[in-house]
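The values are calculated or read from the model by the stated rules, or taken from the named source; none is laboratory data. Because the structure is a prediction, the values reported are computed rather than measured. Cβ atoms come from the backbone with ideal geometry, glycine included; neighbour counts cover every protein chain shown.
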Amino acid sequence: MILAFDTSSAACTAALFEASGECVARKDEVIGRGHSERLVPMLAELLDGRTADRILVGVGPGSFTGIRVGIAAAHGLAIGWDAELSGLSSLALLAAGVDGDEEVATAVTGGHGELFVQQFAPSGGPAGELLNLPPAAAAAATRARLVVGSGARQLVDARGWGEARDTLPAAADALRLPEDLRSLAPRPIYARAPDATAKAA
């Protein structure tokens, strides 16, 4: 079985798949903060005694704390189950929730009022680079009519055109991603430097 989960946003989302790709269980909760308290109980409820031989975990970009919580849990489960562990792009997961034949831009709120943005083709593959920009610059860097994610309204308002959908990632869409976007290294993609820096010697 394949277990997928993502904690990069205000959502705590997880899904369990058969090897055939059929989703047999899913849980999606909007919790804001508190992934460290909710994730493990949620996974226990979802699994109901089952185990997985492959784990897909969202690696960001998004909430620094949420990403670290998810990856730590994934490593623990992978060791306990001797399971294969891979990372998946949290922005690609957002885009995967959109049905249609047009490019989609993802926009997620980050620190300092900036947005994590990336465009994706209808096939699910990237159609642009991952960027971390202020809303006005993000607006200038995107061309897709449809923008999804927690920062979609900011981007569309800054651009003055397009459709904004304030959506969250859903782990049940994980297997809709191209294989290369769910075979990433299981380590965080922060897309910008952490706020805390080491003191100079």
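Here is a yes/no grid of residues against (1) assigned to a loop (DSSP other than H, G, I, E, B); (2) more than 19 Å from the chain's Cα centre (by Cα); (3) closer than 29 Å to residue 86 by Cα; (4) at pLDDT below 95:
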| site | (1), (2), (3), (4) |
| --- | --- |
| 161 | yes, yes, no, no |
| 189 | yes, no, yes, yes |
| 194 | yes, no, yes, yes |
| 197 | yes, yes, yes, yes |
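I'd like the residue in segment 67-87 that is farther than 14 Å from residue 1 by Cα and more than 16 Å from the chain's Cα centre (by Cα) and, out of all such residues, is surrounded by the most Cβ atoms within 10 Å (Cβ to Cβ). Selected residue: 75. The number of residues in segment 1-28 that are in contact with a Leu (Cβ under 8 Å, 6 or more places away or on another chain) and buried (at least 20 other Cβ atoms within 10 Å of the Cβ) comes to 14. The residues of segment 29-67 that are in contact with a Leu (Cβ under 8 Å, 6 or more places away or on another chain) and part of a helix (DSSP H, G or I), listed by number, are 43, 46, 47.
Among the residues making up segment 88-108, a single one is among the polar types (S, T, N, Q) and either within 12 Å of residue 128 (Cβ to Cβ) or surrounded by fewer than 24 Cβ atoms within 10 Å (Cβ to Cβ) (or both): 106.
Selection over segment 127-147 of residues that are without any contact (Cβ under 8 Å) to a residue 60 or more places away in the chain, in contact with a strand residue (DSSP E or B) (Cβ under 6 Å, 6 or more places away or on another chain) and over 18 Å from residue 160 (Cα atoms) gives a count of 2. Checking each residue in segment 31-50 for being more than 14 Å from residue 5 (Cα to Cα), in contact (Cβ under 8 Å) with a residue 24 or more places away in the chain and touching a strand residue (DSSP E or B) at 6+ places or on another chain (Cβ under 9 Å) picks out only 50.
Selection of segment 112-158 for residues being in a helix (DSSP H, G or I), surrounded by fewer than 19 Cβ atoms within 10 Å (Cβ to Cβ) and not aliphatic (A, V, I, L, M) yields 112, 113, 153, 157. Applying the criterion of being among the β-branched types (Val, Ile, Thr) and at pLDDT 95 or above to the residues of segment 44-66, the residue that is surrounded by the most Cβ atoms within 10 Å (Cβ to Cβ) is 57.
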